[in-house]
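Just below is one structure, and these are the notes that go with it.
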Amino acid sequence: MESTPQKLEMFYEGKAKKLYSTPDPDLVIAYFKDDATAFNAKKRGTIEDKGVINNRMSELFFGLLERAGVRTHFVRRLNDRDMLCKRLQIVPVETVVRNMVAGSMAKRLDREEGEELKFPIVEYYYKSDALDDPLVYPEHALLFGWATEDELKTIRSLALKVNDVLRKFLDERGIILVDFKLEFGRHHGEILLGDEICPDTCRFWDKATRKKLDKDRFRRDLGNVEDAYQEMLRRVEG
Ligand code: 5GP
């Protein structure tokens, strides 16, 4: 058994996770909370055991992606709520991949949710709570120094690779991957996939019934939020 690294100082608290330094400057521990927020934290609540589920589901997805050649910040899951990760300098751009119209795309372009896209689209949003994460062009990231041209190329190709791998894996388990958000960061100069991959950050629909099995149940007050998260974990665990 590998020893569990010690949690030192909490250096960041986000909406869903706390980050702790460890004695190794290259490693951090992410603690997964049950706190749920939506609409830039205008709506707040808790989803029981969300942290445990998101930690475990992220472990499974990161493992799957690593085996498919996607380099991630994931090192190992330490316990129910703690994950050991490589320390990243986060690129301040959220990368969204969509296979179907939903959420902000449906709203922005006045299109029906569930319309299938002929090919996946990659969108970028500037990470800024003050501005509500606005949609940006990749050129904005270059102009304002958020990422280099090479980094953006890597991010786009990794995002599409993640989509291919997860979409196929989930399809085999009766789930449509509607869309998802990724975060990337630099670790010793290399772009790695960071953050988490879970029902908070993805839209998952049951293939047969189109039932939503993700955070939209919380965002839209659809009820049975905990059940949906548990159901998704069961499908992913297979
Ligand atoms: P939309 O732009 O339609 O709101 O979101 C597209 C996809 O990215 C959805 O799967 C949504 O869960 C995810 N997403 C976008 N922005 C955020 C965010 O700030 N936090 C989280 N957890 N997910 C996000």
*Please give the length that would be gained between Phe119 and Asn79 if that part of the chain were fully extended, namely 0.36 nm times their separation in residues minus their C-alpha to C-alpha distance (nm, one decimal).*
10.6 nm
*Rounded to the nearest 500 deg cm²/dmol, what is the calculated helix-only ellipticity per residue at 222 nm for the chain, with -39500 (n - 2.57) per DSSP H run of length n ≥ 4?*
-9000 deg cm²/dmol
*Just how large is the dipole of the chain about the Cα centre, in debye to the nearest 20, putting +1 at every Lys and Arg Cβ and -1 at every Asp and Glu Cβ?*
340
*Can you tell which of Trp146, Phe218, Leu64 lies farthest toward the positive end of the dipole of the chain, using +1 and -1 charges on the Cβ of basic and acidic side chains (Lys, Arg; Asp, Glu)?*
Phe218
_Tell me the carbon and sulfur percent of the accessible area for the chain, rounded to whole percent, probe radius 1.4 Å._
50
*In terms of the Cα gyration tensor, with a ≥ b ≥ c the square roots of its eigenvalues, is the chain rounded because a/c is under 1.5, prolate because a/b exceeds b/c, or oblate?*
rounded
*asked:* Multiplying the sequence separation of Asn224 and Phe39 by 0.36 nm and subtracting their Cα-Cα distance, what value in nm do you get?
replied: 64.6 nm
*Specify the residue with the greatest mean-square fluctuation among Asn40, Asn99, Asn55, computed from a Gaussian network of the chain linking alpha-carbon atoms under 10 Å apart.*
Asn40
_Rounded FRET efficiency, nearest 0.05, which uses the C-beta distance separating Thr209 from Glu2 and R0 of 45 Å_ = 0.60
*asked:* Please list, by residue number, every one of the GluC sites (Glu not before Pro) in the range 54-155 that is coil in DSSP and has at most 13 other beta-carbon atoms within 10 Å.
replied: Glu112, Glu115
_Is the C-alpha gyration tensor of the range 1-69 telling us rounded, prolate or oblate? Criteria: a/c under 1.5 is rounded; beyond that, a/b larger than b/c is prolate, otherwise oblate._
oblate
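The values are calculated or read from the model by the stated rules, or taken from the named source; none is laboratory data. What you see is a predicted model; the values in this text were computed from it and never measured. Don't worry about glycine lacking a Cβ; one is built from the backbone with ideal geometry, like all the others, and counts go over all protein chains shown. For the accessible areas, the whole protein counts, side chains as well, though only heavy atoms, and no ligand, DNA or RNA atoms are used. Shrake-Rupley method; radii C 1.70, N 1.55, O 1.52, S 1.80 Å.
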